[in-house]
Amino acid sequence: MALRFTPLQVLVAFLAATALAPLVLPEFYVTLLNYIGLYAMVALGLVLLTGIGGLTSFGQAAFVGIGAYTTAVLTTAEALPAWLAWAGGSPWLALAVGLVITALVALLVGSLTLRLSGHYLPLGTIAWGISLYFLFGTMETLGGHTGLTGIPPIAIFGWELDEGREIYYLIWAFLLCAMFTTRNLLDSREGRAIRALNGGMVMGEAMGINTSRSRMVIFVIAALHAAASGWLYAHMQRFVNPTPFGLHIGIEYLFMAVVGGAGQVWGALVGAGVITVMKQWLQDWLPRFFGAAGNFEVIVFGVMMVLILHRAREGLWALVARLVPLRRAERQVPVADALERKAMPDRGEVILEARDVTRRFGGLVANDGMNLEVRAGEILALIGPNGAGKSTMFNQLSGVDTPTSGEILFRGRKVTGMASREIARLGMSRSFQHVKLLPAMTVLENVAIGAHLRGGKGVLPSAWRLERDEENRLLAEAARQIERVGLAAHTFDEAGSLALGQQRILEIARGLASDPCLLLLDEPAAGLRLKEKQALGDLLKKLRGEGMAILLVEHDMDFVMGLVDRVVVMEFGRKIAEGLPDEVQRNPAVLEAYLGGAE
Amino acid sequence: MDFQIALFLAQDGITGGAIYALLALALVLVFSVTRVIFIPQGEFVAFGALTMATLQAGQTPATVWLLLGASAVAAVIELWRQGRRGSLATTGWRDAAKLLLYPAAVVALTLALPLADLPNIVRVALTLAIVVPLAPLMYRLAFQPIAEAPVLVLLIVAVAVHVALVGMGLVFFGAEGTRTEAFSDASIAIGPLDISGQQIWVVAASAALILALWRFFSATLYGKALRATAVNRNGARLMGFSPVFAGKLTFLLAGLIGTLSGVLIAPITTIYYDTGFLIGLKGFVAAIIGGLGSFPLAAAGALLVGLLESFASFWASAYKEVIVFTLIIPVLLWRSLTSHHVEEE
């Protein structure tokens with residue numbers, strides 16, 4: 001049998017190599033490793049922002065510049081303004097000030113540009129990246145294009161880090177710390193919210209995730225990583241000028257993240273390493289080949305990027321990871337106390353009420369004066385031919401869409417116009433007609449997204465693993481719901497590997513994990529086999545027995561008629577019938593809608 | 001500032017704006033048909049201007065070798081593709097040879113012509129013949145294999161192509177900037193204003209090109225087919241209009257616009273190997289003001305950018321670029337505020 005190692009053994013070997021490197025390597029390679037560490041820190045921010053959050057930024061170099069210039073000004077200026085004098089002279093105070101300034105700038109820039117959708121965002125980052133770069137070059141206090149010199153080295157308890165071998169340890173301590181916290185963050189409640197940003201925004205909002213907050217969180221974190229890298233850079237170089245903070249370097253950082261594997265924490269290190277070493281190597285080699293000076297390496301980088309995006313969009317880390325002989329870890333659901341539950345409403349209480357809901361799209365009236373109510377301990381089916389407006393109704397009830405007129409009451413409270421995450425907080429949960437889950441995440445993690453609102457620990461506790469108690473309770477709850485819907489055998493499978501019918505069931509488990517009193521299910525039985533349908537029917541009956549209100553849209557009449565208490569029939573956006581299943585089945589208007597007019 | 005300076009600045013601004021308008025139109029066109037945000041647009045401006053300058057100096061521009069090299073790569077890919085399909089013997093060699101025919105002819109022409117003694121108009125034609133075909137080749141090599149990828153992936157590829165081309169620009173033309181000879185030395189004095197012949201050329205040529213494009217899109221079958229592709233790629237494909245052809249045609253048009261812009265402004269501004277990027281980005285600011293979809297709005301945006309740049313260079317010349325690029329943010333913000341609700345990307 002081939003030799004295999006546990007992740008811990010590999011990690012210890014890596015750390016030992018990192019610690020020993022400067023003792024055995026020549027000066028030149030230590031410098032190279034210093035640069036790799038600095039670049040990897042920025043690339044790590046981009047992994048979080050671009051690879052995981054799906055927000056592309058070309059402007060990270062500007063944040064590196066803010067970190068570098070802040071410390072350069074504070075540690076070299078002879079006369080600081082009075083209100084800043086306390087921060088002068090000390091690199092460590094300058095780091096704190098730099099991080100605060102960066103966070104403020106990131107909040108400002110973020111609030112201006114993060115609202116931008118799709119491709120507007122990267123274009124916006126190009127714009128502010130260029131603006132900040134030109135500011136560095138034109139402001140008098142920053143030394144213009146010549147920059148600032150005479151930056152002191154960083155001192156730790158009187159030990160001055162003025163050699164490459166010394167600052168090496170500080171740089172790599174910062175980097176490893178950033179990688180550790182980023183990994184922890186991604187494997188937490190906040191991390192699941194962040195991972196939902198890329199392709200799961202509507203779903204995330206419906207589960208109570210504030211997606212604009214999550215976008216801002218990763219934007220600020222990425223900016224802070226960049227600023228810390230800039231601080232280290234300034235004290236390593238001992239001078240700063242605007243060149244390393246321009247847009248072309250910002251593009252290079254993005255290349256590092258993409259080359260390494262934009263979705264992976266280790267990808268940042270691999271990408272920064274590959275690009276930095278290649279750059280060094282190409283800068284030596286290409287000018288000899290071309291017989292002239294110039295930055296020819298960018299030609300190779302450009303072509304390499306195109307090839308990687310054509311052929312291996314996962315990046316190089318995916319290839320490296322295959323080479324490391326890792327032993328597969330056994331995964332287990334943590335054992336933890338159950339989460340608190342909200343009190344269920346009394347049976348028969350009106351949970352959801354729609355009053356004269358009308359929704360127009362231009363000239364089309366998708367819903368026209370719709371009325372319906374759902375009570376606790378009742379299953380109501382909303383049926384109708386294709387195009388009757390059922391899904392539009394569903395989206396309005398759950399806050400994904402807003403009615404043109406009319407109002408929606410949830411437990412007696414008006415929820416018209418509220419965001420879907422606010423409605424989720426009140427105790428409504430839903431599934432989607434076109435399944436919306438995160439295919440690369442496990443079934444357990446997907447269901448745990450449903451429990452998002454039942455935890456409250458934020459970014460910092462998650463980054464330092466101080467929220468394990470709550471996290472375990474959330475995962476245990478998710479596992480309980482998975483077992484309840486009968487998917488326990490798939491707990492650790494990737495959600496995308498499940499059959500479509502099972503994915504629908506997963507959505508129900510995710511909805512249940514939020515501890516709702518109303519469940520909106522959009523075609524839950526589509527794609528299920530007979531046995532699975534029976535199991536689903538039994539589950540819904542059991543939930544009804546516990547006092548839950550359920551509204552379902554369904555086309556499978558056998559499934560509906562044997563299960564539900566009441567039926568509302570829609571056609572052309574209007575309610576044409578309402579009543580017990582038997583009555584509705586005999587209603588001439590309904591027969592006409594489904595079978596065409598009997599002439 | 002007195003009235004005369006204001007007029008002078010406005011004149012400068014309009015000249016710049018005309019070029020940005022052309023570039024903005026090309027960007028809107030490329031984005032709406034192929035979903036590629038055409039960052040390398042600026043390189044066509046720079047390559048056009050610098051190829052023209054090299055021709056005027058009587059030397060062979062290195063861009064012809066780029067044309068030949070890129071075509072050779074495309075030919076090799078074609079051979080490989082057809083080899084895998086098993087059609088190498090029947091059509092493979094023929095198709096690959098066809099790809100090399102045009103660049104070989106251009107190389108031969110460039111080497112045969114007495115470059116130093118050519119009339120300017122022939123040099124312009126030769127510049128276009130060399131630089132413009134690089135655009136469809138770029139589409140073939142970089143974008144066609146991933147035509148269905150998300151916009152963001154296409155954007156990163158576009159940036160990568162831009163970076164590679166800037167590197168090549170430095171190799172081809174060196175770090176020195178160049179200006180070319182003006183098309184005409186005439187100038188017209190209107191009151192206090194002194195308008196140079198080249199400025200009239202820029203504005204007139206831009207206007208003519210915009211008009212020609214408008215005719216192309218409203219009155220020709222290919223123009224209409226491109227518009228149809230922009231609205232619905234699959235629909236256009238089902239009607240027999242190949243999206244690959246649409247992509248190449250669009251890139252050809254964008255390459256033409258970029259190269260021509262470069263040739264037009266080269267006598268007015270000094271062009272370096274990397275100047276194109278900033279010029280292209282200003283075209284972007286204009287295109288974004290138009291929401292990357294509307295031609296008239298993009299043209300209006302271009303005029304605004306040109307005027308803003310020219311007046312900013314008078315009031316706060318150090319902050320000129322900061323002002324122009326910061327303008328984009330309120331515009332983007334307004335754009336994104338007008339569309340609400342959470343969207344998937």
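The values are calculated or read from the model by the stated rules, or taken from the named source; none is laboratory data. Note that the structure is predicted; figures quoted are calculated from it, not measured. For neighbour counting, all protein chains shown are included, and Cβ atoms are generated from backbone atoms with ideal geometry for every residue, glycine included. What goes into the accessible areas is simple: the full protein's heavy atoms, side chains included, and nothing from ligands, DNA or RNA. Shrake-Rupley method; radii C 1.70, N 1.55, O 1.52, S 1.80 Å.
Shielding of A:303-313 by partners, i.e. mean partner chain Cβ atoms within 10 Å per residue? List each step's numbers first, then the result.
Values: counts 7, 2, 8, 12, 2, 3, 9, 8, 2, 0, 3.
Mean partner-chain Cβ count within 10 Å for A:303-313: 5.
When all protein chains stay in place, what accessible area (Å², nearest 10, 1.4 Å probe) is found for residue A:284?
Here the accessible area works out near 80 Å².
Out of all Cα-Cα pairs in chain A, roughly what percent, to the nearest whole number, are more than 45 Å apart?
Here the tail beyond 45 Å accounts for 31 percent of pairs.
In whole angstrom, note down how far apart the Cα centers of region A:113-175 and region B:99-137 are.
Here the answer is 45 Å between Cα centres.
Could you work out how far the C-alpha centroid of region B:189-244 sits from that of region B:258-318, in angstrom?
Comparing the Cα centres of region B:189-244 and region B:258-318, I get a distance of 17 Å.
Using a 7 Å offset from Cα along Cα-Cβ at residue A:314, what residues in region A:430-446 end up with backbone N under 14 Å from the label point?
A:440-441
Relative to the isolated chain, which residues of region A:95-129 have their accessible area cut by 30 Å² or more in the presence of all protein chains (1.4 Å probe, heavy atoms, no ligands or nucleic acids)?
When all protein chains are present, A:112, A:115, A:116, A:117, A:118, A:119, A:120, A:123, A:126, A:127 each give up 30 Å² or more of accessible surface.
Cβ under 14 Å from residue B:157's Cβ, residue B:157 left aside: what net charge do those residues give with Lys, Arg +1 and Asp, Glu -1?
Net of charged neighbours comes to +3.
Considering only protein heavy atoms and a probe of 1.4 Å, how much of the accessible area of region B:44-100 is carbon and sulfur, as a whole percent?
Numbers: 1710 of 2610 Å².
Result for region B:44-100: 65 percent of the exposed heavy-atom area is carbon or sulfur.
What total accessible surface area, summed over both chains, is buried at the interface between chains A and B, computed with a 1.4 Å probe and given in Å² to the nearest 100? Mind showing how you got there, number by number?
Working: alone 27250 and 16830 Å², together 39880 Å².
Chains A and B together bury roughly 4200 Å² of accessible area.
With labels modelled as points extended 7 Å from the Cα through the Cβ direction, what inter-label distance (nm, one decimal) is found for residue A:173 paired with residue A:460?
With each label placed 7 Å out from Cα toward Cβ, I get 2.1 nm.
How long are the three semi-axes of the equivalent ellipsoid of region A:34-246, in whole Å, if each is the root of 5 times an eigenvalue of the C-alpha gyration tensor, listed from largest down?
Numbers: eigenvalues 194, 77, 41 Å².
In descending order the semi-axes read 31, 20, 14 Å.
Rg (Å, one decimal) plus Dmax (Å, integer) for the alpha carbons of region B:3-337?
Values for region B:3-337 (Cα only, Rg and Dmax): 20.4, 72 Å.
Around residue A:532, under 11 Å between beta carbons, what's the net of Lys plus Arg minus Asp minus Glu among the other residues?
Numbers: positive: A:504, A:529, A:531, A:533; negative: A:538.
Residues close to residue A:532 contribute a combined charge of +3.
Once every DSSP H run of n ≥ 4 in the protein assembly as shown is given -39500 (n - 2.57) and the sum is divided by its residues, what mean residue ellipticity at 222 nm do you get, rounded to the nearest 500 deg cm²/dmol?
Result for the protein assembly as shown, helices only: -19500 deg cm²/dmol.
Where the centroid of each part is defined by its Cα atoms, how far is region A:420-438 from region A:322-380 in Å?
With region A:420-438 and region A:322-380 each reduced to a Cα centre, they are spaced 5 Å.
If contacts are Cα pairs under 8 angstrom and at least 6 residues apart, what is the relative contact order of chain A in percent?
17 percent
Quick one: among B:18, B:207, B:26, which has the greatest mean-square fluctuation in a GNM of chain B with alpha-carbon springs under 10 angstrom?
Ranking B:18, B:207, B:26 by mean-square fluctuation puts B:207 first.
Please give the per residue accessible area of chain A, computed with a probe of 1.4 Å over protein heavy atoms only, in Å².
Value for chain A: 42 Å² per residue.
How much length is gained on full extension from residue A:572 to residue A:494, taking 0.36 nm per residue of separation minus their Cα-Cα distance?
Gain on extension, residue A:572 to residue A:494, equals 24.2 nm.
Averaged per residue, what accessible surface does region B:3-337 expose to a 1.4 Å probe, in Å²?
On a per-residue basis, 41 Å².
Quick one: plug the Kirkwood hydrodynamic radius of region A:438-514 (C-alpha pairs) into Stokes-Einstein at 25 °C, 0.890 mPa s, and report D in µm²/s.
197 µm²/s
Ignoring ligands, DNA and RNA, what percent of the 1.4 Å accessible area of region A:456-511 is carbon and sulfur?
Values: 1250 of 2340 Å².
Taking all protein chains in place, region A:456-511 shows 53 percent carbon and sulfur surface.
For the full complex of protein chains and a 1.4 angstrom probe, list A:225, A:555 by accessible area with the highest value first.
Descending accessible area places them as A:555, A:225.
Excluding residue A:319 itself, what net charge comes from residues whose Cβ is under 13 Å from its Cβ, given Lys and Arg +1 and Asp and Glu -1?
Details: positive: A:311, A:313, A:322; negative: A:314.
Value of the local net charge: +2.
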